[in-house]
Amino acid sequence: MTYRRARSLSHLLLRPAGLLFTAFALLSLSSNLYAQDWFKTETSRGVSNIRIAVADFKATASDPQTTPLKQTFDSTLFNDLSNAGIFDIVSKSLLPQTSPGAPGEMNLAQWSAAPTSAAMIAFGAFGSSGGRITVNGFLFDAKNAQFPQVLSKQYSEEANDENARQIAHRFADEIIFRLGGGVPGIAETKIYYVKFSGGNKEIWAMDYDGASQHQVTHLGTVSLSPRISPDNSRIAFSSLGREGFQIRMYSLLLNRMVNFPAAGGTNLSPAWSPNGRDLAFSSSRSGDPEIYIADSNGGSIRRATSFRGPDVSPVFNPKTGSQIAWISGRTGLPQLYIMDADGSAVTRLTDGGYATSVSWSPNGQFLAFAWDRKYGPGAPGGQDIYVMEVATKRWIQLTHEIGRCDFPSWSPDGRHIVFANSSNGRASSTRIVSMLADGTGRRNLTEPGADMPNWSWK
Amino acid sequence: MADLSWNSDEYFAEDNLRKNFFGSLALHIVIAALIGGLAYFHHRGHNWGENAANAGAIQATMVSSLPLPPKQRELDTGVLTSENPSPAPLIAPEKTEPPPDPHEVALPEKAKPPKVAEKPAPAPPKHPQPTPPQPMKAATGETAGIRIPQSTLELKNGTASAMVQDRTFGSRFAYYVNIVNRTVAQNWYTQEADPRASVGKSVIVIFDIDRSGAPSNPRLETGSGSASLDQSALRAVQRVEGFGPLPAGDHITVEYTFHYTQP
């Protein structure tokens, strides 16, 4: 009992010998604390975003090419850092009018004073000469006057617009990695999607911010649900061929289609396991659409579900690779389920409505899916993106009344979701939209005519 | 004289049996009709699931949080806040002896010393520290500043300050101290601590960070007297997967103090 213990402890301490012992222990402990490498910090609650100022880089060469390239670089860097979701970015109008190019030219007091009040400053020098771009980038801590430098990077690439953008992406990723608690930034990731034109649907690719959209497959038929492999080497998708919908494989290293065995029935929605070795997909080769798992070459196919009712859209748990979430219509309307990768421990997560297209977050804790909770004749309808926590089955609704939303896909940092949205409900006006994982910061990435986005793993 | 004429058993049994049987049947039917009528006409309210407004999956706040920093709060009704707001003194209630279990045999009592009332717990002894160089600017409610060697974050429920004992790491890499501070604070769910027992208390947790930025070995340095607050502080450190690679050195030890000022 507390009472007894206090008595004996105070009894011990009040003795002279005890007092001496306590004093000695305190002193030795405190001297010990000085000796090792450590620091002390404390909190009462909550956080605030890091306030970062992105300066226009200083133009160091007088090459006429420098100006347009530097403009691309500046705007790309600014957009990458403001879209990261972890910064409070200082708007351009509040910045001081100087463009420091080197640490010697940086005046910290100017940048940490109002109205800028920056905690971090990204600045540097950009020059293009002799067909090559050279960039020196610095990240300074405005509050630390003694040792302000956090990052110092140098890049040198061939001079063209695409490289100016990629250098900005790389520098932004470095900053986000350093300041964001070790999670790599997404500025160099890609999104693979379906673009429809005429009667065909082809697989296209673009940067995570919608730039550099280009076509990947040229099959002249309907191709759906592209999924890039975890090592960025292959895209698995479902394509309509002579024998119906089959799983096809396109190699980005060889830039052509590679072989994947065809089978009877309708084969849809491939999904990669996080180690890149297994591919789960939905196949109706036995008559009823079930989830099958094959290895990445199409061999050793095994069945994972065996219940009557359509089972589609599987996705692996990207953190562990040992669970699969998918949509099943075994009780009537399609609902969200999870199970272990061998087919056991089937658990139902949604309790009604019409759920489709599930995506698992990279930290393994959340599922994003499209859900029409009020589905049925006479019901208001409306399909929105929801995020559900796997452990507690509690969900939040991310989109409200922006039209029909579908096919959510998580970014590799777990902070962004990309999805397809059709503002008037018609399939022809579907476009790809990206947002932060709490529903804010929505941006249109494409024009109408794009669907089924998939964010790459890294 | 008694009527001793012999009447056959069947005579009695049959007549009475038929009468009794039908009477019993009628009674059963009446009772059944009564129960049925009662059930039908007595309205019991909604069946489960009929109240469509509340039916469906629970919509509530998540246990884990999305890995985005929560939205920045509006400015404090801006006071010049002090470094360490003094915690509210807590008077523990008088402890009374529980009634003795009836099966217990009363032990012969030794002479007990007189019972002393619980004093409010004093603040944990502060280790002697070098005075940090005084900052040029006063801390207001607006800036989230880092002052060498101390880093202070203004928060809703109080203050968070990171103090660096080892001058070289803290002064060179104050941004990293800040990141550790905000990452652990972000993962501290104050609702895990019982507000009745924890208001005004602080707990100190020590943990190590290795070269890749992963925290390990979180341990309590000083308990706060509230077990739920201690647990919530330990869990906050355990939740963090990493802080990003250490800018220098291959490991570092952090002493992190959690003040609980307001639920």
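So which residues in the range A:326-340 are in a strand (DSSP E or B) and among the hydrophobic types (A, V, I, L, M, F, W, C)? Across the range A:326-340, the qualifying residues are A:326, A:327, A:336, A:338, A:339. Taken over the range A:49-89, the criterion of being within 22 Å of the chain's Cα centre (by Cα) and hydroxyl-bearing (Ser, Thr, Tyr) is satisfied by A:75, A:76, A:82. The single condition among (1) modelled with pLDDT of 85 or more; (2) at the interface with chain A (Cβ under 10 Å from one of its Cβ atoms); (3) over 18 Å from residue A:147 (Cβ atoms) that residue B:155 does not meet is (1). Does residue A:305 satisfy being over 28 Å from the mean Cα position of the chain (by Cα), hydroxyl-bearing (Ser, Thr, Tyr) and surrounded by fewer than 17 Cβ atoms within 10 Å (Cβ to Cβ)? In short, no. Just one of (1) facing chain A (nearest Cβ under 7 Å); (2) surrounded by fewer than 19 Cβ atoms within 10 Å (Cβ to Cβ) fails for residue B:254. It is (2).
For the range B:213-247, taking the residues that are more than 10 Å from chain A (Cβ to nearest Cβ) and of a type in the set (Gly, Ala, Ser), the one that is surrounded by the most Cβ atoms within 10 Å (Cβ to Cβ) is identified as B:224. Only one of A:387, A:433 is crowded, with 17+ Cβ neighbours inside 10 Å and within 30 Å of residue A:198 (Cα to Cα); which? The unique qualifying residue is A:433. Quick one: how many residues across the range B:191-206 are surrounded by fewer than 20 Cβ atoms within 10 Å (Cβ to Cβ) and touching a strand residue (DSSP E or B) at 6+ places or on another chain (Cβ under 6 Å)? Final tally of qualifying residues: 2.
Checked against (1) surrounded by 18 or more Cβ atoms within 10 Å (Cβ to Cβ); (2) within 22 Å of residue A:76 (Cβ to Cβ), residue A:132 passes all but condition (1).
Among the residues of the range B:217-227, the ones that are closer than 16 Å to residue B:187 by Cα and modelled with pLDDT under 90 come to 0 in all. Scanning the range A:146-184 for residues that are facing another protein chain (nearest Cβ under 7 Å) and either hydroxyl-bearing (Ser, Thr, Tyr) or assigned to a helix (DSSP H, G or I) (or both) returns A:177, A:178, A:179. Of all residues in the range A:109-134, those being within 33 Å of the chain's Cα centre (by Cα) and within 14 Å of chain B (Cβ to nearest Cβ) number 10.
Within the range B:222-247, residues that are touching a residue at least 12 places away in the same chain (Cβ under 8 Å) and within 21 Å of residue A:177 (Cα to Cα) reach partners that are aromatic (Phe, Trp, Tyr) and in a helix (DSSP H, G or I) with beta carbons closer than 6 Å, at six or more positions or on different chains, in the pairs B:247/B:176.
Hey, any hits in the range A:153-160 for a residue that's in contact with a Leu (Cβ under 9 Å, 6 or more places away or on another chain), farther than 18 Å from residue A:75 by Cα and assigned by TED's automatic domain parsing to the domain that holds residue A:75? Within the range A:153-160 (the criterion being in contact with a Leu (Cβ under 9 Å, 6 or more places away or on another chain), farther than 18 Å from residue A:75 by Cα and assigned by TED's automatic domain parsing to the domain that holds residue A:75), the answer is yes, since at least one residue qualifies. Are any of the residues in the range A:221-229 surrounded by fewer than 18 Cβ atoms within 10 Å (Cβ to Cβ), assigned to a loop (DSSP other than H, G, I, E, B), without any contact (Cβ under 8 Å) to a residue 60 or more places away in the chain and over 15 Å from the mean Cα position of the chain (by Cα)? Checked against the condition, which is being surrounded by fewer than 18 Cβ atoms within 10 Å (Cβ to Cβ), assigned to a loop (DSSP other than H, G, I, E, B), without any contact (Cβ under 8 Å) to a residue 60 or more places away in the chain and over 15 Å from the mean Cα position of the chain (by Cα), the range A:221-229 yields at least one hit. Hey, any hits in the range A:247-260 for a residue that's modelled with pLDDT under 95, surrounded by fewer than 18 Cβ atoms within 10 Å (Cβ to Cβ) and among the small types (Gly, Ala, Ser)? No; the residues of the range A:247-260 include none that is modelled with pLDDT under 95, surrounded by fewer than 18 Cβ atoms within 10 Å (Cβ to Cβ) and among the small types (Gly, Ala, Ser). Residue A:407 passes every criterion in (1) farther than 25 Å from residue A:184 by Cβ; (2) buried (at least 24 other Cβ atoms within 10 Å of the Cβ) apart from (1). Restricting the search to strands (runs of 3 or more DSSP E) fully inside the range A:348-458 and requiring at least 2 residues that are more than 10 Å from chain B (Cβ to nearest Cβ) gives A:354-360, A:366-372, A:384-389, A:404-410, A:416-422, A:430-436, A:450-455.
The values are calculated or read from the model by the stated rules, or taken from the named source; none is laboratory data. A quick note: this is a predicted structure, and the numbers were derived from the prediction, not measured. Glycine also receives a Cβ, built like all others from the backbone with ideal geometry; neighbour counts cover every protein chain displayed.
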